[in-house]
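Since every read-out is calculated from the coordinates, none of them should be taken as a lab result. Not measured: the values here are computed from a predicted model. Here Cβ is always computed from backbone atoms with ideal geometry, including for glycine, and neighbour counts include all displayed protein chains.
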Amino acid sequence: MAFESFLTQDKQRPKRGRRITYTVSLILHVAALIVALVYSFWHVDELSPPSVQVTFMSAATPPPPPPPPPKRKSTPKTKPVPTQIVQPRPNQIVQPKEQPKEEEPDEGQEGGVEGGVAGGVVGSVPSAAPAGPPRFLPPNVARGNLLIDPQADAYRVKLPPALAKAGMILWAMVKLCANKEGHVDDVKIIKGADPTVDPNIISTLKTWRFKPAVVEGRPVPFCTTYRYEIAAR
């Protein structure tokens, strides 16, 4: 047994020595690496940037251009008008100019009227001037010239049974035109009340009569607008 322990003791010593050698070698290498890194950081040479000098060369500014010459006023050229020289012809006879005859004032015919027609019949009445377009009367003036009662049954439009309901009111805007005697001879619907009632409105309003419109002492035809209301009774 003593001999075996001696053999094992000699084998264990080299293993421990190797471990120590590896550990020390590793520590030395790490320390050398750290020292090398620290040395490299502390001894870094700073590179100075190169200095570049740039010189700008510019030419002198050119002088300003001379001012333009003043414009000359253009004078209109007038063409000379050639003068025509009229030479008298020999033995030329100059005829005297005829003077217009003065018209004698027409005193008219004895017994005639002023404004009559020449060659007319003595004692006849001159024809009246043709009537112009109808005059327009305002609605309030035309209402005052009515000679009939628009609410009377003879001059009022009656509603058909389908529309004759209690409280129902229809209205229409019409244009009336009357002749010189005041009789309505034309009725136009501007805004109708109902298609079934509009023909009755036209036929009924043609029976109305107004006072004749007088302009400068003469009766003339006229037109006006009228709002016609139809109330059921």
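Observations
- Selected residue (criterion: surrounded by the most Cβ atoms within 10 Å (Cβ to Cβ)) from residues of the stretch 142-169 that are β-branched (Val, Ile, Thr) and assigned to a loop (DSSP other than H, G, I, E, B): 157
- Scan the stretch 170-205 for residues that are surrounded by 15 or more Cβ atoms within 10 Å (Cβ to Cβ) and in a loop (DSSP other than H, G, I, E, B) and the total you get is 7.
- Restricting 164, 178, 154, 193 to those that are closer than 12 Å to residue 232 by Cα, small (Gly, Ala, Ser) and in contact (Cβ under 8 Å) with a residue 24 or more places away in the chain reduces the list to 164.
- Of all residues in the stretch 206-225 being crowded, with 17+ Cβ neighbours inside 10 Å and in contact with a Phe, Trp or Tyr (Cβ under 9 Å, 6 or more places away or on another chain), the one that is nearest to residue 140 (Cα to Cα): 224
- From the list 211, 191, the lone residue that is of a type in the set (D, E, K, R) and under 16 Å from residue 148 (Cβ atoms) is 211.
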